[in-house]
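Step one of this worksheet: look at the structure below.
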Amino acid sequence: MKKISVIMVTGIFLLITIFKTQAQTNTTWQIKAIEPYHVAVAFAKTTNIIFPYSIVSVDIGSQDVLAQKAKGVENILQIKAAKENFPQTNISIITADGSLTSFLVDYAEQPAVLNLSLAIEEKKNSTCILSETFNEAEVQKYAKLASVSKEKINSVKDKRFGIRLQLNGLFIHDNIMYFRLNIANETNINYDIDQLRFYIRDQKKTKRTATQEIEINPLYVKGDTAVIVGQTERVFVYAVSKFTIPDKKYLVIELMEKNGGRHLKIKVRNKTIIQAKRL
């Protein structure tokens, strides 16, 4: 009886092993075709492709095409023809989010488009110029949270010429700070933004003292920073590497109008910086 039980257990074990092996053998893969984009390049002009994430790898199918990342940034690819009238080739790009993007490349003496932006649909009103190593997807996620958060700080603002520039939210997550700005245009004249700068400045005490400015470049900007239409207001979030302000210095946020004179400026002290709310 004991011998029969052992035989039965062994048989059941063998059956399970056989079924398991067959299941593994019959596993099928779902194959999904990734359709390539098309781009035309010229010998005497450069085509720029802006990706939503930093570029990790670029593979060119032919030496007839030249490609490089734009100097100083990580998410702009510049391509041009190494010779005229080359046969069609391709370029494959892998970005930091793990995505593969493929382009079929053709030659054109006068390309119809020189600048392409591969913006993610839900982030189409965002600008991402990546110059440091960080998780872009995470920064975009927390910038979105900062834009809708009900947490506020003591408002710092400047209002002139019917334009209001206001810092009404300041947040931090890990080593990234998120400045939430509100810009309102109370006039009927559109406000075209030329620059929106962040820089730390010395408190100048005498006329003979030189003023030093330290530029703070954003890692990510949420919002379309092109124009504030008349009688509207917009919310922007600027993500920057964390910092505090030394004694006798302050942060300047400066808004300048393109081809106009409606310039605004707000000063942010260190006591405001340390009020940053955690996201």
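The values are calculated or read from the model by the stated rules, or taken from the named source; none is laboratory data. From a predicted model like this one, the values you see are computed outputs, not experimental measurements. Note that we place each Cβ from the backbone using ideal geometry, even for glycine, and neighbour counts take in every protein chain shown. Just so you know, the surface numbers come from the protein's heavy atoms only, side chains and all, with ligands and any DNA or RNA stripped out. Shrake-Rupley method; radii C 1.70, N 1.55, O 1.52, S 1.80 Å.
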Counting just the residues of the stretch 52-63 that are open to solvent by 60 Å² or more (accessible area, probe 1.4 Å) and under 23 Å from the mean Cα position of the chain (by Cα), which one comes out modelled with the lowest pLDDT? VAL56
Neighbours by Cβ (under 8 Å, 6+ apart or cross-chain): first from the stretch 256-277, without any contact (Cβ under 8 Å) to a residue 40 or more places away in the chain; second open to solvent by 30 Å² or more (accessible area, probe 1.4 Å) and polar (S, T, N, Q): ASN270/THR244; ILE274/THR244
Starting from the stretch 136-155, take each residue that is open to solvent by 50 Å² or more (accessible area, probe 1.4 Å) and list its partners that are of a type in the set (Asp, Glu) and part of a helix (DSSP H, G or I), counting only C-beta distances under 9 angstrom and pairs at least six apart or across chains. LYS144/GLU122
Working only within the stretch 92-105, note down all residues that are open to solvent by less than 50 Å² (accessible area, probe 1.4 Å) and without any contact (Cβ under 8 Å) to a residue 40 or more places away in the chain. SER92
Give the residue, chosen from LYS144, LYS152, that is assigned to a loop (DSSP other than H, G, I, E, B), modelled with pLDDT under 95 and in contact with a strand residue (DSSP E or B) (Cβ under 7 Å, 6 or more places away or on another chain). LYS152
Could you please find all residues in the stretch 30-51 being out of contact with any Pro (no Cβ under 8 Å at 6 or more places or on another chain), outside any strand (DSSP E or B) and open to solvent by 30 Å² or more (accessible area, probe 1.4 Å)? GLN30, ILE31, LYS32, ALA33, ILE34, GLU35, PRO36, PHE43, ALA44, THR46
